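Chemist: Just dropping this structure here.
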Amino acid sequence: MKQSTAPKEDGPAKGYFSDGTLESEGSWMDRKRVGPWKFYYKNSQVKAVGTYTVNGEFTGSWKWWRENGQVLQYGDFKDNKQVGLWKRYHGNGQLMDEGSYGQDGSKIGEWKTYNPDGSLKSTKVYK
């Protein structure tokens, strides 16, 4: 995520692109993003939605979209690390890859990668 300049005061805030369109909205505490946030592209399409901890780290479910509105990827964070099932998508909307992350943020188990036509490209198992 593009880092907006932290405001001098805590609380709800909005960030704007240089042309005045909305870039982000959420809350700040101690010069860190906290709680739910939403980010936008210049065309006002939602770019990402997720939550930050009081320490300004990614937590819980996050989802990203492409500028055209198609889903790019989604998954969960814990302690600022990717955990659990994650999925990413090709520009045409087809699944690109899917697999899980362990509590330490490393890939675990079976990961599948797909071609843009949806056919299985490869499978890899992580321990």
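The values are calculated or read from the model by the stated rules, or taken from the named source; none is laboratory data. Everything quoted here is computed from the prediction, not taken from an experiment. All Cβ positions, glycine included, derive from the backbone under ideal geometry; neighbour counts span all protein chains shown. Please note that ligands, DNA and RNA were not included when accessible areas were found on the heavy atoms of the full protein model with its side chains. Shrake-Rupley method; radii C 1.70, N 1.55, O 1.52, S 1.80 Å.
Chemist: Loop sites only, by DSSP: take the GluC sites (Glu not before Pro) in the chain that have at most 13 other C-beta atoms within 10 Å and name the longest stretch containing none of them.
Modeler: 68-127
Chemist: Still on this structure: Compute, for M96, the solvent-accessible surface of its heavy atoms (probe 1.4 Å) with the complete set of protein chains present, and express it in square angstrom to the nearest 10.
Modeler: The accessible area of M96 comes to roughly 50 Å².
Chemist: Now a separate question. To one decimal place, what orientation-averaged projected area in nm² is obtained for the convex hull of the Cα set of the chain?
Modeler: Over every viewing direction, the Cα hull of the chain projects on average to 8.3 nm².
Chemist: For G75, enumerate residues with amide H under 5 Å from its amide H, sequence gap 5+ or separate chain, H modeled in the peptide plane.
Modeler: W62
Chemist: With a 1.4 Å probe and every protein chain left in place, tell me how much accessible area D79 has, in Å² to the nearest 10.
Modeler: Per-residue accessible area (D79): approximately 110 Å².
Chemist: Give me the 1.4 Å probe accessible area per residue for the chain, excluding ligands and nucleic acids, in Å².
Modeler: With the other protein chains kept in place, the chain gives 61 Å² per residue.
Chemist: Can you spot the lysines whose alpha carbon is less than 27 Å from K124's alpha carbon? Ignore those fewer than 8 places along the same chain.
Modeler: K63, K78, K81, K87, K107, K112
Chemist: Roughly how many Å is it from the Cα centre of region 93-122 to that of region 8-56, as a whole number?
Modeler: Cα centres, region 93-122 to region 8-56: 29 Å.
Chemist: Read phi for every residue in region 103-117 and hand back ³J(HN,Hα) as whole Hz from Karplus 6.51 cos²θ - 1.76 cosθ + 1.60, θ = phi - 60°, with x for Gly and Pro.
Modeler: Going residue by residue, I get 4, 8, x, 9, 5, 9, x, 7, 10, 10, 10, 10, 6, x, 7 Hz, with x marking Gly and Pro.
Chemist: Round to the nearest 0.05 the FRET efficiency obtained for D79 and N115 when R0 = 35 Å and r is the Cβ-Cβ distance.
Modeler: My answer for the efficiency is 0.55.
Chemist: Right, next: Roughly to the nearest percent, how much of the accessible area of region 34-90 is carbon and sulfur, given a 1.4 Å probe?
Modeler: Taking all protein chains in place, region 34-90 shows 48 percent carbon and sulfur surface.
Chemist: Gain in length, A6 to K42, computed as 0.36 nm per residue apart minus the alpha-carbon separation, to one decimal in nm?
Modeler: Full extension from A6 to K42 adds 11.0 nm.
Chemist: Could you pull the accessible area for R31 with a 1.4 Å probe, rounded to 10 Å²?
Modeler: 150 Å²
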